[in-house]
Ligand SMILES: CC(C)(COP(=O)(O)OP(=O)(O)OC[C@H]1O[C@@H](n2cnc3c(N)ncnc32)[C@H](O)[C@@H]1OP(=O)(O)O)[C@@H](O)C(=O)NCCC(=O)NCCS
């Protein structure tokens with residue numbers, strides 16, 4: 001079976017099928033925003049949806065990302081391949097094509113993604129194996145930011161997901177000024193501030209958020225590297 005990858009930057013099209021057939025089976029409910037919220041992002045022009053479609057036009061995998069003009073950070077919000085089709089190279093193709101397109105289009109400071117830590121409590125077989133998922137991203141060149149990261153709560157801080165990692169998939173060398181292994185914190189601070197407000201509905205000022213911003217703002221930038229090096 002041959003697959004082609006198409007991009008849509010407007011709501012409608014394949015979105016409904018992608019949401020129902022690819023995203024819902026791949027993510028726990030507390031990590032997946034509503035279809036309306038994905039559609040709204042596409043409507044306002046900051047979203048981008050890459051879809052792998054088979055010869056019959058069926059969506060088999062997808063990558064959805066959001067561009068933040070204010071912080072110049074591109075987020076890969078969701079990447080998933082249908083369970084029976086994992087391990088055949090489609091996820092890697094989607095990831096490469098999306099990063100290449102976003103990097104060329106926006107010249108972002110960084111392209112980031114959040115994933116579950118391999119040390120977090122296993123969620124469910126259907127959502128994939130967190131260790132293999134991290135391996136998948138590291139093979140694609142991702143580096144783990146040394147941060148006490150949590151996913152902002154969809155609908156409020158009480159819905160935050162702890163035990164998450166923030167990955168850098170691409171960084172503009174201008175934002176790794178001290179060394180290639182440290183990311184300058186300012187764009188990420190602006191990005192997280194806006195992300196917390198849009199997800200949780202208010203500015204975060206609690207202990208966890210303060211610890212996260214302290215780590216983002218540390219002098220010399222945020223260390224980033226392979227996951228194994230962070231555990232020593
Ligand atoms: C992570 C994911 C997108 C990878 O897509 P894919 O098409 O299977 O990946 P590729 O075939 O290009 O690459 C293979 C690698 O993906 C990873 N992978 C494959 N199946 C996997 C699974 N069930 N769970 C987690 N990672 C898996 C492995 O690292 C694998 O390498 P290996 O064969 O050497 O172990 C896909 O497994 C998936 O949809 N997982 C569930 C959703 C998810 O975790 N999304 C990422 C968070 S945004």
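For the reader, a short list of remarks on this structure follows.
- Filter result for residue 195 (in contact with a helix residue (DSSP H, G or I) (Cβ under 7 Å, 6 or more places away or on another chain) and in contact (Cβ under 8 Å) with a residue 40 or more places away in the chain): no
- Given (1) modelled with pLDDT of 95 or more; (2) surrounded by fewer than 18 Cβ atoms within 10 Å (Cβ to Cβ); (3) on the phi < 0 side of the Ramachandran plot; (4) not in a helix (DSSP H, G or I), index of the condition residue 24 fails: (4)
- Of residues in region 128-145 being assigned to a loop (DSSP other than H, G, I, E, B) and surrounded by 19 or more Cβ atoms within 10 Å (Cβ to Cβ), the one farthest from the ligand (Cβ to nearest atom): 142
- Filter result for residue 90 (within 15 Å of the ligand (Cβ to nearest atom), modelled with pLDDT of 95 or more and crowded, with 21+ Cβ neighbours inside 10 Å): no
- From 65, 84, residue being more than 9 Å from the ligand (Cβ to nearest atom) and either part of a helix (DSSP H, G or I) or at positive phi (or both): 84
- Every listed requirement among (1) near the ligand (Cβ under 8 Å from one of its atoms); (2) free of Cβ contacts under 8 Å to residues at least 60 places away in the same chain; (3) touching a helix residue (DSSP H, G or I) at 6+ places or on another chain (Cβ under 7 Å); (4) not in a helix (DSSP H, G or I) is met by residue 120 save one, (1).
- Test: residue in region 158-175 that is modelled with pLDDT under 95, under 19 Å from the mean Cα position of the chain (by Cα) and part of a strand (DSSP E or B): yes
- For region 41-62, taking the residues that are under 13 Å from residue 17 (Cβ atoms) and under 13 Å from the mean Cα position of the chain (by Cα), the one that is farthest from the ligand (Cβ to nearest atom) is identified as 49.
- Within region 31-48, at least one residue is farther than 22 Å from residue 152 by Cα and not in a loop (DSSP other than H, G, I, E, B).
- Residue 100 being without any contact (Cβ under 8 Å) to a residue 60 or more places away in the chain and away from the ligand (no atom under 16 Å from the Cβ): no
- Residue among 218, 186, 203 that is assigned to a loop (DSSP other than H, G, I, E, B) and surrounded by 13 or more Cβ atoms within 10 Å (Cβ to Cβ): 218
The values are calculated or read from the model by the stated rules, or taken from the named source; none is laboratory data. A quick note: this is a predicted structure, and the numbers were derived from the prediction, not measured. All Cβ positions, glycine included, derive from the backbone under ideal geometry; neighbour counts span all protein chains shown.
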